[in-house]
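The structure appears right after this line, and notes come after that.
The values are calculated or read from the model by the stated rules, or taken from the named source; none is laboratory data. As the structure is a prediction and not an experimental result, all values here were calculated from the model. Cβ sites come from the backbone with ideal geometry, for glycine too, and all protein chains shown count toward neighbours.
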Amino acid sequence: MFTRKIAGFTLTAILLLNINHSIAQDSIQWVRGVRIGCDLTRFALYEFQPDRKAMEFSFDTEFKRNKFVTAEIGMEQSKNENNRLSYKSSGFYGRVGVDFNILKKDKLEKGRDVVFVGFRYGYYNMTQQTDAYVIPSYYSTDTLRGSYSSKNLYGHWVEVAFGLKVEVLQNLFLGASMRGRVLLFSKKDLNYPYYAPGFGKGANSTNFGVNYSIYYQIPLSKVTAKKVAKRLPPQTI
Amino acid sequence: MRIILIYCISIVFLFVACNTIPDTCKEQSAWQLRIGFKKVKIAGNLKTVKDSTFRSFIAQYISHPDTNVFKTPSLPLAQGSDTSIFSIDINKNGIQKLYVVYKRDRTFENYTCGFRTNFTLDTIYTIPKICDSIIIVQPNITDVYQENCRFYFNSDTTAQY
């Protein structure tokens with residue numbers, strides 16, 4: 001827990017140190033391209049929650065100034081073993097949505113840091129299996145043992161995201177976001193999922209989540225001051 | 001101002017991420033059949049029903065005579081069969097058999113406790129008959145104190161109780 005907090009603060013500090021820097025390319029106003037991200041918390045997850053393994057990648061691009069279309073995909077495995085239960089699950093998930101940059105950079109402003117509010121639709125598909133269960137009884141010879149075979153489950157949810165992405169090196173970003181998720185619909189089983197991939201604890205119909213991600217933006221086109229000036233009416237320059 | 005706001009938000013992120021609530025776990029024996037006793041007195045057209053407590057109540061699960069004797073009318077049911085049979089002795093009036101017939105199904109508690117057996121009462125009777133009637137008032141066995149069935153004793157016909 002303590003190590004996790006330190007890791008979190010370190011990432012936060014890196015973000016804060018870089019939030020107001022600007023890339024020394026005065027002529028470039030902003031770069032259009034696809035930003036590919038990888039959620040670092042998913043790799044750290046195994047260290048702090050050994051019963052979970054996950055990875056997540058994200059893709060986003062600015063389709064209009066300050067508006068981003070974004071997609072996230074990932075997979076997750078979980079297991080739970082104690083004296084009453086031996087359980088495992090695995091599955092994948094995807095989210096699509098839009099982010100709105102609340103820093104509201106105008107067409108002439110430089111810098112590509114983003115503080116965003118976003119909305120997502122998410123879907124997970126998973127299988128879960130209870131290899132063994134034990135139900136102890138008051139009577140010593142009355143203990144029940146059994147297992148449940150593999151079942152396929154899925155669910156749909158919506159989420160609100162709030163976070164930031166800061167350019168720490170050219171085209172390289174670090175970002176953090178907090179997510180609030182609400183389950184819309186899920187296929188039920190006798191036991192709810194231990195962890196629903198991408199959604200979080202299967203026992204809850206609402207979940208909070210946190211991401212710390214690293215991103216690389218593949219620059220596809222650069223918008224320079226000259227190009228902006230051409231597009232804007234003369235009186236606004 | 002923006003930096004302070006982002007810093008505060010980041011701290012909130014961390015606390016949200018680190019905050020987990022552990023599951024709590026109850027033993028299967030918390031789900032017990034709870035019996036209430038009533039005495040019925042009929043005088044002409046007037047029928048009065050009163051709660052009754054007995055000087056002694058002793059019960060034992062017949063299939064597991066090595067288990068403890070129950071001295072209160074709260075009896076754990078067996079989850080391996082649809083009927084639990086107890087030998088009971090009320091006020092030392094001799095041993096009778098109490099048959100509790102029920103349906104079982106499985107529910108999931110949480111990932112600490114695993115699964116649990118649910119009991120839904122179907123029929124309760126004694127051999128030989130020791131009371132005038134037995135009524136199931138709450139067929140679902142729960143983990144909170146709630147009477148599941150009531151034994152009605154007519155003070156004229158079962159005066160020995």
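The residues on offer are B:Cys131, B:Cys113, and the sole one that is in contact with a Cys (Cβ under 6 Å, 6 or more places away or on another chain) and not polar (S, T, N, Q) is B:Cys113. Could you check, for segment A:200-210, whether at least one of its residues is modelled with pLDDT of 95 or more, surrounded by 14 or more Cβ atoms within 10 Å (Cβ to Cβ) and more than 18 Å from the chain's Cα centre (by Cα)? Within segment A:200-210, none of the residues are modelled with pLDDT of 95 or more, surrounded by 14 or more Cβ atoms within 10 Å (Cβ to Cβ) and more than 18 Å from the chain's Cα centre (by Cα). In segment A:47-84, the residue that is nearest to A:Gln217 (Cα to Cα) out of those that are of a type in the set (Phe, Trp, Tyr) and surrounded by 14 or more Cβ atoms within 10 Å (Cβ to Cβ) is A:Phe59.
For (1) more than 10 Å from chain B (Cβ to nearest Cβ); (2) on the phi < 0 side of the Ramachandran plot, each residue gets a yes or a no:
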{"residue": "A:Phe100", "(1), (2)": "yes, yes"}
{"residue": "A:Lys104", "(1), (2)": "yes, no"}
{"residue": "A:Phe119", "(1), (2)": "yes, yes"}
{"residue": "A:Thr130", "(1), (2)": "no, yes"}
{"residue": "A:Tyr139", "(1), (2)": "no, yes"}
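One line per residue, one yes/no per condition, for (1) touching a strand residue (DSSP E or B) at 6+ places or on another chain (Cβ under 9 Å); (2) polar (S, T, N, Q):
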{"position": "B:Lys92", "(1), (2)": "yes, no"}
{"position": "B:Arg104", "(1), (2)": "yes, no"}
{"position": "B:Asn110", "(1), (2)": "no, yes"}
{"position": "B:Gly114", "(1), (2)": "yes, no"}
{"position": "B:Thr117", "(1), (2)": "yes, yes"}
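Of the strands (runs of 3 or more DSSP E) lying entirely inside segment B:47-161, those containing at least 1 residues that are loosely packed, with under 14 Cβ neighbours inside 10 Å span B:83-90, B:96-110, B:114-127, B:133-136. Residue count for segment A:116-154 satisfying the condition of being among the charged types (D, E, K, R) and surrounded by 15 or more Cβ atoms within 10 Å (Cβ to Cβ): 3.
If you scan segment A:148-189, which residues turn out to be among the basic types (Lys, Arg) and at pLDDT below 90?
A:Lys188, the sole residue that qualifies.
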